[in-house]
Amino acid sequence: MDSLLLLEQTLNGLQFGVFLFLISAGLTLVFGIMNMVNLAHGSLYMIGAYFAAAISQWTGSFILAILLTIPASMLVGVVLEIVALRTLYDRDHLAQVLATFGLILFFNEVVRMIWGPGGQFLSPPDYLAGHVEIIPGAPYPAFRLAIIAAGLIVAILLYVLITRTRIGMLIRAGASNRPMAGALGVNIKLLYTLVFGLGSVLAGFAGLMAGPVLSVEPGMGEPMLILAFVVIVIGGIGSVRGAFVASIMVGIVNTLGRTMIPYLLGSIISTEAAQTAGPAIASMLIYVLMAAVLFFRPQGLFPARTG
């Protein structure tokens with residue numbers, strides 16, 4: 001395999017891993033702190049993409065789309081937590097799964113009613129529409145590099161928020177021992193709303209960045225939700241550090257697998273058969289990776305108590 005192609009696919013895997021981190025970081029916080037199984041988290045990713053596409057089309061500015069999508073995603077998350085999810089905290093996980101699955105259907109129908117069943121178009125800004133030559137002879141889309149940079153910046157900011165601020169201390173306290181945190185005067189309801197809003201912002205930002213790369217369409221959040229659950233299981237439920245490491249692992253394994261496995265199979269079987277079997281085997285690699293990690297570390301790479 002050509003080394004330049006391998007480099008390009010590795011960067012694609014890193015970029016995909018960044019998407020997964022932005023989604024799974026909010027999901028693991030909600031799951032780890034609130035003990036809430038939120039299947040509608042992928043819908044917040046979809047809503048962020050639709051908000052960004054609509055605002056970009058109305059204003060003609062990608063920067064304004066970023067500036068307005070972030071608070072809009074926060075508002076949707078806060079309203080959703082207060083109106084629909086707050087009553088589910090004391091229910092078992094089956095009730096949470098059923099209720100949030102209903103929210104998936106609700107949000108999918110809402111976007112169809114507002115934007116129609118077809119996909120929406122979101123183009124990157126002109127200054128990120130070209131390519132950057134990483135090394136001589138290896139151009140790479142500038143917007144994909146911007147996604148990687150933005151994701152790494154968000155990861156650093158989130159790490160500082162969780163580990164170096166008072167809000168982060170309260171979040172970690174709520175994750176470790178919610179009854180004790182409440183007994184010490186922490187407003188648990190407000191903390192839950194804040195955490196859910198933060199998760200909504202991360203999911204909405206992921207949708208915003210995914211818009212110019214992937215299709216903005218109803219139901220676009222469900223495939224990403226499945227991968228996000230794989231990520232938090234591998235990384236450790238409630239661990240942001242684990243979500244970051246696992247996201248990069250899953251992104252690179254998924255992307256390189258889809259590139260290399262058909263190439264390797266092509267030397268054994270026909271090219272047509274390799275192109276058919278390769279992507280299917282590559283999709284399985286993610287779950288093989290999850291099974292391998294859980295075999296050696298049943299609580300994930302970084303259980304929440306350690307990070």
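Select the helices (runs of 4 or more DSSP H) contained entirely in region 177-265, then report the ones holding at least 3 residues which are touching a Leu at 6+ places or on another chain (Cβ under 7 Å), within 20 Å of Leu122 (Cα to Cα) and not basic (Lys, Arg).
188-210
Take the residues in region 89-130 that are among the hydroxyl-bearing types (Ser, Thr, Tyr) and more than 26 Å from Gln57 (Cβ to Cβ), then tell me which one is nearest to the chain's Cα centre (by Cα).
This residue is Thr100.
Taking the conditions exactly as written (more than 30 Å from Met113 (Cα to Cα), buried (at least 18 other Cβ atoms within 10 Å of the Cβ) and not aliphatic (A, V, I, L, M)), does Thr271 satisfy them or not?
Considered against the rule, which asks whether it is more than 30 Å from Met113 (Cα to Cα), buried (at least 18 other Cβ atoms within 10 Å of the Cβ) and not aliphatic (A, V, I, L, M), Thr271 comes out as no.
Considering region 266-304 alone, what residues qualify as being of a type in the set (Val, Ile, Thr) and part of a loop (DSSP other than H, G, I, E, B)?
Answer for region 266-304, where residues must be of a type in the set (Val, Ile, Thr) and part of a loop (DSSP other than H, G, I, E, B): Ile268, Ile269.
From Arg166, Arg86, which residue is modelled with pLDDT under 90 and closer than 18 Å to Ser200 by Cβ?
After ruling out the rest, the residue left standing is Arg86.
When you scan region 213-236, do you find a residue that is small (Gly, Ala, Ser), crowded, with 17+ Cβ neighbours inside 10 Å and more than 20 Å from Leu39 (Cα to Cα), even just one?
No - not one qualifying residue is present in region 213-236.
Are any of the residues in region 159-171 part of a helix (DSSP H, G or I), within 27 Å of Leu103 (Cβ to Cβ) and not aliphatic (A, V, I, L, M)?
No: region 159-171 contains no residue that is part of a helix (DSSP H, G or I), within 27 Å of Leu103 (Cβ to Cβ) and not aliphatic (A, V, I, L, M).
May I ask you to list the residues in region 107-116 that are exposed (fewer than 13 other Cβ atoms within 10 Å of the Cβ) and in contact with a helix residue (DSSP H, G or I) (Cβ under 9 Å, 6 or more places away or on another chain)?
Answer for region 107-116, where residues must be exposed (fewer than 13 other Cβ atoms within 10 Å of the Cβ) and in contact with a helix residue (DSSP H, G or I) (Cβ under 9 Å, 6 or more places away or on another chain): just Ile114.
Only one of Ser3, Ser24, Ser73 is out of contact with any Pro (no Cβ under 9 Å at 6 or more places or on another chain), within 22 Å of Ile148 (Cα to Cα), polar (S, T, N, Q) and without any contact (Cβ under 8 Å) to a residue 40 or more places away in the chain. Can you tell me which?
Ser3
For region 73-106, name all the residues that are under 19 Å from Met224 (Cβ atoms) and crowded, with 17+ Cβ neighbours inside 10 Å.
Within region 73-106, Ser73, Val76, Gly77, Leu80, Thr100, Leu103, Ile104 meet the criteria.
Condition first: polar (S, T, N, Q) and in contact (Cβ under 8 Å) with a residue 24 or more places away in the chain. Now tell me which residues in region 76-103 satisfy that.
Passing the criteria: Gln96, Thr100.
Just one of the numbered conditions (1) crowded, with 16+ Cβ neighbours inside 10 Å; (2) out of contact with any Pro (no Cβ under 8 Å at 6 or more places or on another chain) is not true of Ala129; which one?
Every condition holds for Ala129 apart from (1).
What tally of residues in region 132-183 results from selecting those that are touching a Phe, Trp or Tyr at 6+ places or on another chain (Cβ under 9 Å) and crowded, with 18+ Cβ neighbours inside 10 Å?
6
For the condition within 20 Å of Pro303 (Cβ to Cβ), polar (S, T, N, Q) and touching a helix residue (DSSP H, G or I) at 6+ places or on another chain (Cβ under 6 Å), what is the one hit in Ser200, Ser239?
Being within 20 Å of Pro303 (Cβ to Cβ), polar (S, T, N, Q) and touching a helix residue (DSSP H, G or I) at 6+ places or on another chain (Cβ under 6 Å) holds for just one of Ser200, Ser239, which is Ser239.
The values are calculated or read from the model by the stated rules, or taken from the named source; none is laboratory data. Values in this document were obtained by computation on a predicted structure and should not be read as measured data. Positions of Cβ are generated from backbone atoms using ideal geometry, with glycine treated the same way; all protein chains shown enter the neighbour counts.
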